[in-house]
């Protein structure tokens with residue numbers, strides 16, 4: 001895919017003139033977007049599964065074709081220039097428009113069916129959520145659904161690019177262009193598994209946990225959506241290492257049960273594991289922190305009738321339930 005850009009002024013007098021119809025490879029723009037998002041060449045290379053040299057060359061080619069310096073790198077400092085910010089905004093808009101175009105084209109054959117694309121965090125435990133999908137399919141049987149499970153940080157990034165109808169994710173700092181509605185308020189607490197030395201002990205105090213190693217969500221280790229968990233450890237003075245991480249709820253739980261360490265999980269998501277003796281609740285009794293799970297949608301994204309129906313129906317449906325009811329995993333009748 002290629003896009004044409006008009007050069008404003010050259011980076012050097014010898015720079016080739018791009019006004020003559022030179023075509024700009026979209027892959028260069030996509031690579032630049034990831035560089036900006038990751039704030040480093042190495043981070044972008046890891047995200048794109050490319051070498052750092054390939055990413056650096058892509059950035060160099062884009063700067064040469066546009067005739068502008070897009071980023072400044074000095075030692076450890078990484079700064080996006082004004083031109084780079086402008087290119088980033090334009091690339092995000094192009095990416096969103098292309099994603100919407102593909103959605104629109106896929107719906108032109110049979111307009112009545114429609115398609116929605118939802119990005120969701122893993123393991124949403126909610127009978128209300130399950131009931132919603134049953135009701136929605138009954139009301140709109142011809143709407144098709146594509147649902148992708150991703151880490152919350154990736155969902156927020158993709159929603160900023162208007163790459164999906166909506167997202168359900170953790171989001172500590174809400175980007176300006178995203179609208180949101182709190183779907184679930186999850187209370188996190190500390191747990192250990194049945195293979196851990198602390199399992200089954202009822203005389204524990206939080207002081208007894210200070211040297212224990214941790215199993216953590218990857219976003220916690222990166223200071224991302226779950227960074228309140230990091231803050232809790234630091235404020236309480238925990239000295240144990242983070243010995244295992246995952247972006248997935250089930251894998252964090254698996255490692256806890258295996259005895260790798262102690263760790264935080266949403267209380268409502270592990271009730272059965274507690275009852276069946278796979279996990280053990282640890283101090284403090286009040287839990288660690290509350291983290292909100294948000295429904296996200298882009299303020300400026302054009303929406304098809306199917307997408308509008310989903311957003312309207314979902315917001316209206318969850319408004320009929322309290323937060324406690326939304327967290328229940330069973331015995332919540334549909335409404």
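Restricting to bridges with both residues inside the chain, how much of the DSSP beta-bridge set is antiparallel, in percent to the nearest 5?
65
Rounded, prolate or oblate: which one fits the stretch 114-233, using the alpha carbon gyration tensor with axes a ≥ b ≥ c (rounded when a/c is under 1.5, else prolate when a/b beats b/c, else oblate)?
Prolate.
Suppose a student asked you for the relative contact order of the chain, using Cα pairs under 8 Å spaced at least 6 residues apart; what percent would you report?
About 20 percent, as a whole number.
So in the stretch 67-180, what percent of DSSP beta bridges are antiparallel if you round to the nearest 5?
30
To the nearest 500 deg cm²/dmol, what mean residue ellipticity at 222 nm is calculated for the chain from DSSP H runs of n ≥ 4 alone, each contributing -39,500 (n - 2.57), summed and divided by the residues?
-12000 deg cm²/dmol
Can you compute the radius of gyration and Dmax for the stretch 20-103, using only the Cα atoms, both in Å?
12.8, 43
Grab the alpha carbons of the stretch 111-335, take their convex hull, and tell me the volume per residue in Å³.
Looking at the stretch 111-335, the number lands at 119 Å³ per residue.
For helix 26-38, report the angle its Cα long axis makes with the longest principal axis of the Cα atoms of the chain; keep it between 0 and 90° and round to the nearest 10°.
40
Just so you know, all these numbers are worked out from the coordinates, no wet-lab data involved. Every value quoted in this text rests on a predicted model; they were computed, and no experiment measured them.
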